[in-house]
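Input: a single structure, listed below in structure tokens.
The values are calculated or read from the model by the stated rules, or taken from the named source; none is laboratory data. This one's a predicted model, so the numbers in the text were calculated from it and none came from an experiment. Heads up, the Cβs are rebuilt from the backbone with ideal geometry, glycines too, and the neighbour counts pull from every protein chain shown. Just the protein is used for accessible areas: all its heavy atoms, side chains included, with ligands, DNA and RNA removed. Shrake-Rupley method; radii C 1.70, N 1.55, O 1.52, S 1.80 Å.
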Amino acid sequence: MDKSLSEKLDAFEKLGTPVWYYDLEVLSETIETLKAIAGDKGIAIHYALKANPDERIVAMMAAAGFGADCVSGGEVALAAKQGIPADRIFYAGVGKTDREIRESIDLGVRFNVESLEELYVVNAFAGEMGKTARVSLRLNPNVDGRTLKYITSGLHDNKFGLPPHDVDSAIEMLKASGNIVFEGLHFHIGSQITSVRKVFGELCGKVREAVRYFEERGIDVKCINLGGGLGIDYENPSKSPDFEGWLGTIAEGLKDLRPRTIELEPGRSLVAGCCSLISRVLFVKHGENKDFMILDAGMSELLRPALYGSFHLIENLSAEAERKAFREQSLYDIVGPICESSDTWGRDRRMPLSVRGDVVAIRSAGAYGKSMSSTYNLRAQAPTIWSDEI
Ligand code: LLP
């Protein structure tokens, strides 16, 4: 934040805090960068709405020609409403309800089926409805995403995907299911993956084996979907995600499987960087052992630090704008207002000397921020402001 920093501070002042601030330029640039690399490598992009289902964001993804990865009937409906064609909407998730399944069959979206029972039910419902359902199978490849244990999803201990011992039965069911059109295989092994070449290189090996296995048994795999998972650098919020490394590794690892369609479902890497949660210092409390900087934003807005111990960089914008010359710093435990000790933004953070009323930016808040927020403690939902509204 620079020349326009004081304008932004004025806007935040008017709107009140906490507030989600979106930088359209960063978002457009990120979308355009990925679009160009994906076009170059021949990979189809499906935005994972769970990262941030803001309508304006989803509309921008639709305008870029991206499809959607959804995990509930609500997300499927929103993707369709924002103009993403049904044939580019995927519906994953281990626990789809009967109603969600029927509505999605009706819309014609593709199911990423995660269990034998689900495969049976989708086929049966489609038959009852006189329709055919488009299906890919999500396999559990037992690949370690080398990320936080909470957001690892490709190991046999995780609930996701079809376990290997069910694959033969799934193949038999696919052959016998008259109401299903089989499209391909789906994988998603975790989120915030930073060992990109190693992890996705290993996944590509498993994918090649799986495709061979299905095709040797007479099932054509037309589409291969490797999910999302590209990590970002939370310590350097302005650094662009490594799209080139991610897509490059996959294009190379799956080159023998062309001309099959290759698909990815990024969420975090597309939207995390464009948003800061803007908050205000309510009080600075000098405790027995440490100083607490108490913000008006907490785990009800951005749950990630409390839930996963995740790091988000925090900048004191007022100090940056008004007190540049005054460089004294101090260590703070930065905390929120919620009545939980886990409502902590960070411990022993070195910050400019901060005072009541200072405005701070909690960076990289665009992914899994607002989408995971709650009204815990009966708090109001924080509003959103876009850079073109200032
Ligand atoms: N595809 C599937 C099937 C997924 O389950 C996910 C994320 C994605 C794609 C998008 O992954 P991404 O590119 O965003 O890594 N709340 C956690 C992250 C949970 C991710 C769940 N699945 C967090 O705040 O870190």
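Look at (1) open to solvent by less than 10 Å² (accessible area, probe 1.4 Å); (2) touching a strand residue (DSSP E or B) at 6+ places or on another chain (Cβ under 6 Å); (3) more than 18 Å from L185 (Cβ to Cβ) and you find that N225 fails only one, number (3).
Taken over region 9-19, the criterion of being surrounded by 23 or more Cβ atoms within 10 Å (Cβ to Cβ) and either within 15 Å of the ligand (Cβ to nearest atom) or of a type in the set (K, R) (or both) is satisfied by no residue.
If I filter region 211-218 for residues that are touching a strand residue (DSSP E or B) at 6+ places or on another chain (Cβ under 9 Å), crowded, with 20+ Cβ neighbours inside 10 Å, farther than 27 Å from A367 by Cα and aromatic (F, W, Y), do I get at least one hit? Within region 211-218, one or more residues are touching a strand residue (DSSP E or B) at 6+ places or on another chain (Cβ under 9 Å), crowded, with 20+ Cβ neighbours inside 10 Å, farther than 27 Å from A367 by Cα and aromatic (F, W, Y).
Each row is one residue, and each column tells you yes or no for (1) farther than 30 Å from F125 by Cα; (2) out of contact with any His (no Cβ under 7 Å at 6 or more places or on another chain).
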{"position": "V143", "(1), (2)": "yes, yes"}
{"position": "L148", "(1), (2)": "yes, yes"}
{"position": "S153", "(1), (2)": "no, no"}
{"position": "V167", "(1), (2)": "no, yes"}
{"position": "E172", "(1), (2)": "no, yes"}
{"position": "A176", "(1), (2)": "no, yes"}
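Tell me which of these D358 doesn't satisfy, since it passes every other one: (1) at pLDDT below 95; (2) open to solvent by less than 30 Å² (accessible area, probe 1.4 Å); (3) among the charged types (D, E, K, R). So D358 meets the others, but not (1). Every residue in region 302-340 that is closer than 14 Å to P18 by Cβ, within 22 Å of the chain's Cα centre (by Cα) and open to solvent by 30 Å² or more (accessible area, probe 1.4 Å), please. If the condition is that a residue be closer than 14 Å to P18 by Cβ, within 22 Å of the chain's Cα centre (by Cα) and open to solvent by 30 Å² or more (accessible area, probe 1.4 Å), then L303 is the only one that fits.
Residue-by-condition table, conditions (1) within 21 Å of G16 (Cα to Cα); (2) among the β-branched types (V, I, T); (3) within 28 Å of the chain's Cα centre (by Cα); (4) not in a strand (DSSP E or B):
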{"site": "R280", "(1), (2), (3), (4)": "yes, no, yes, no"}
{"site": "F283", "(1), (2), (3), (4)": "yes, no, no, no"}
{"site": "S300", "(1), (2), (3), (4)": "yes, no, yes, yes"}
{"site": "S342", "(1), (2), (3), (4)": "no, no, yes, yes"}
{"site": "R350", "(1), (2), (3), (4)": "no, no, no, no"}
{"site": "A365", "(1), (2), (3), (4)": "yes, no, yes, yes"}
{"site": "D388", "(1), (2), (3), (4)": "yes, no, yes, yes"}
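When you check L174 against the structure, is it within 15 Å of the ligand (Cβ to nearest atom) and either farther than 24 Å from P164 by Cα or open to solvent by less than 30 Å² (accessible area, probe 1.4 Å) (or both), yes or no? The answer is no for L174. Quick one: how many residues across region 244-282 are more than 15 Å from the ligand (Cβ to nearest atom), within 16 Å of V196 (Cα to Cα) and open to solvent by less than 10 Å² (accessible area, probe 1.4 Å)? Summing the residues that are more than 15 Å from the ligand (Cβ to nearest atom), within 16 Å of V196 (Cα to Cα) and open to solvent by less than 10 Å² (accessible area, probe 1.4 Å) in region 244-282 gives 1.
One residue stands out among those in region 192-243 that are of a type in the set (A, V, I, L, M) and in a loop (DSSP other than H, G, I, E, B): the one that is farthest from the ligand (Cβ to nearest atom), which is I219. Residues in region 23-53 that are within 13 Å of the ligand (Cβ to nearest atom) and among the small types (G, A, S): 2 in all.
Against the conditions (1) of a type in the set (S, T, N, Q); (2) more than 16 Å from the ligand (Cβ to nearest atom); (3) buried (at least 22 other Cβ atoms within 10 Å of the Cβ), T375 satisfies every one except (3).
Residue by residue, here is whether (1) surrounded by fewer than 17 Cβ atoms within 10 Å (Cβ to Cβ); (2) touching a residue at least 40 places away in the same chain (Cβ under 8 Å); (3) of a type in the set (D, E); (4) on the phi > 0 side of the Ramachandran plot holds:
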site	(1), (2), (3), (4)
V122	no, yes, no, no
N140	no, no, no, no
V143	no, yes, no, no
G154	no, yes, no, no
K159	yes, yes, no, no
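Scanning region 51-98 for residues being surrounded by fewer than 16 Cβ atoms within 10 Å (Cβ to Cβ) and not aliphatic (A, V, I, L, M) gives a total of 11.
Taking region 177-199 as the range and being free of Cβ contacts under 8 Å to residues at least 60 places away in the same chain, touching a Gly at 6+ places or on another chain (Cβ under 7 Å) and crowded, with 18+ Cβ neighbours inside 10 Å as the test, the residues that pass are N179, F187, I189, G190, I193, V196, V199.
For region 341-355, filtering for residues that are open to solvent by less than 30 Å² (accessible area, probe 1.4 Å) and of a type in the set (A, V, I, L, M, F, W, C) leaves 2.
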